[in-house]
Each structure stands twice: as structure tokens, then as C-alpha cells.
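Data block below; observations after.
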Amino acid sequence: MTGMVAVAPSRGRLAVGRWVLANALAFMAAGALGGTLLRSLQQPYYGVESMREAVLIETWTVGLAWTIFGVFAGAAQWWLIRGNSAATWWLPATVLGWALAGVGVGVLSGVAGGSVSTIGPASVQPEVHVAAIAAGVLVGLLPGTFQWLVLRRHVESARWWPGLTLLALAAGFGAGLAVVRFGLIDVVPLFRDTDFPSGKVLTLVGALAGAVYAVVTGPALARMLNSLRPGSEAAPREKAA
């Protein structure tokens, strides 16, 4: 019929519900694989007492596990936003951010000693723990920062994304570890202390962490991306006079 315009489906719009489901499944799968590898690769080294050895072990094993999280999460997220212009570099940026964060966490875990990671010396100066916590905050910003480098080219309001992602990851993994560590060991004895880390434990931790992370980040990302048409760029900033 003349006078009627066909409206194409908005393939670039992000549905928060799908974002939550996709991230929960991605984190769960990454937890299963990453936890299994950590269990296998770290097992022979629980008795080391050298901080140098501890740092080397934790750096590559934790870095590998976090890279797996970056691959799974980045792929799932890219699939959901693939109709949007911001999707072009989303996957490599996400993987790189998670990988570097994992290396940083591994170094901090090795330096902090066996009291934190069960690998390396159990007795470490309190200042080391304080420094590790402070540095851990900076490391936690890396996944969101690399995604921000992609978003900033398309959305001016993306400046809060690194901090929001840090908050979401801290809340997600904090909730996941609390539920599994205390709820499924102390309350319902489904697991034992010695099951950390393992694929079965990190599968549940990942599912909870991914869901919480997505609930925190989903609405903000949806507002940013849904304001753009598929393939569009952010409006250019006014040049300073």
C-alpha cells in the first residue's frame, strides 16, 4: 500500500533482561572452565614458600582464568550489542581488560602471601595487604576502562563506565563468594573449604556474579546504546573557542 513506511527492527537496542541472562550464563561457563584449570594448574604449588615463586604461579594461572572470563563475557556481550556501532572493538577490548586485570590480581595475590591465596608465605607485613587492596581497586578498573575506550567514541556519557563496572564486579563476585562460601559450606554443607578453587564452586560463583554484574551495568549500558541508531556515532564535541 502506498503511503506506508516499513519500520525495520532495531537490532541495535539492548534488552536488559537478555543482558542479565547472557552474562550469567557466560560467567557460569567461564567459572566452570577457569575453576577447573585453576584447580589443576595450582595444585602442585600449594606448598611453596618463596614469594617470587608464588607471584609467578599466581600471575599466569590467575591471568589465564581471568582471560577466560574476558573471552566468555566479551563474546556474550558482543553478541547482544552486535547491531550497534560500539560493538566493533568490544570483544578484544573486553578480553584485554580482563586479561591484564587477571595478571594484576595474580601478582597481588602472590605478594599478599598464603594468608590470602594459600600460595606462598603466610606471614606478610600489614602494609603489603593495604597496598594490595589499594592496587586491587586500580586493577579492578581495567575491564571497564578498556570497554570505556570503545564506548567513549560513541557515547559521551560513558565516562562513568569504569567505576560502574568496578562496582558491579565487586558486588557480583562478593555476593557469589559469600553465598557459596558461607551459604553452601557453613549453612548447607554442599561444598568443603578445600573445594576452593574448583570448577564446581566457580560455576555457581560465576552465575551469581554474572547476574549481579549485569543487573548493575545493564540499565546504564542500555540507556547509552539505545540512544544511538545502529551504526551511528556520537555527536561531535564542540571545539573550545
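The values are calculated or read from the model by the stated rules, or taken from the named source; none is laboratory data. None of these values were measured; they are calculated from a predicted model. Positions of Cβ are backbone-derived with ideal geometry, glycine not excepted, and every protein chain shown enters the neighbour counts.
Among all positions in the stretch 68-82, there is at least one residue which is at pLDDT below 95, surrounded by fewer than 16 Cβ atoms within 10 Å (Cβ to Cβ) and out of contact with any helix residue (DSSP H, G or I) (no Cβ under 8 Å at 6 or more places or on another chain).
With respect to (1) crowded, with 20+ Cβ neighbours inside 10 Å; (2) modelled with pLDDT under 95, the lone exception for residue 93 is condition (2). Looking across the stretch 67-109 at every residue that is touching a residue at least 60 places away in the same chain (Cβ under 8 Å) and part of a helix (DSSP H, G or I), the one that is farthest from residue 228 (Cα to Cα) is identified as 69.
How many of the residues making up the stretch 192-218 are β-branched (Val, Ile, Thr) and within 13 Å of residue 22 (Cβ to Cβ)?
Within the stretch 192-218, the subset β-branched (Val, Ile, Thr) is 194, 201, 203, 205, 212, 215-217.
Next, from what is left, pick out any that are within 13 Å of residue 22 (Cβ to Cβ): 215, 217.
Residues flagged as β-branched (Val, Ile, Thr) and within 13 Å of residue 22 (Cβ to Cβ) within the stretch 192-218 amount to 2.
The residue pairs whose first member lies in the stretch 194-208 and is within 14 Å of residue 24 (Cβ to Cβ), whose second member is surrounded by 18 or more Cβ atoms within 10 Å (Cβ to Cβ) and aromatic (Phe, Trp, Tyr), and whose beta carbons are closer than 6 Å, counting only pairs six or more residues apart or on different chains, are 206/27.
A single entry from 109, 123 fulfils the requirement of being modelled with pLDDT under 85 and surrounded by fewer than 22 Cβ atoms within 10 Å (Cβ to Cβ): 123.
Among the residues making up the stretch 146-173, those that are of a type in the set (A, V, I, L, M) and within 30 Å of residue 196 (Cβ to Cβ) are 164, 166, 167, 168, 169, 170, 171.
Please determine, by comparing only the residues of the stretch 184-231 that are of a type in the set (Gly, Ala, Ser) and assigned to a loop (DSSP other than H, G, I, E, B), which one is surrounded by the most Cβ atoms within 10 Å (Cβ to Cβ).
If we filter the stretch 184-231 for residues that are of a type in the set (Gly, Ala, Ser), which is where we start, we get 198-199, 206-207, 209-211, 214, 218, 220, 222, 227, 231.
Those left that are additionally assigned to a loop (DSSP other than H, G, I, E, B): 198, 227, 231.
On the way: 198: 18, 227: 12, 231: 12.
If we take residues in the stretch 184-231 being of a type in the set (Gly, Ala, Ser) and assigned to a loop (DSSP other than H, G, I, E, B), then 198 is surrounded by the most Cβ atoms within 10 Å (Cβ to Cβ).
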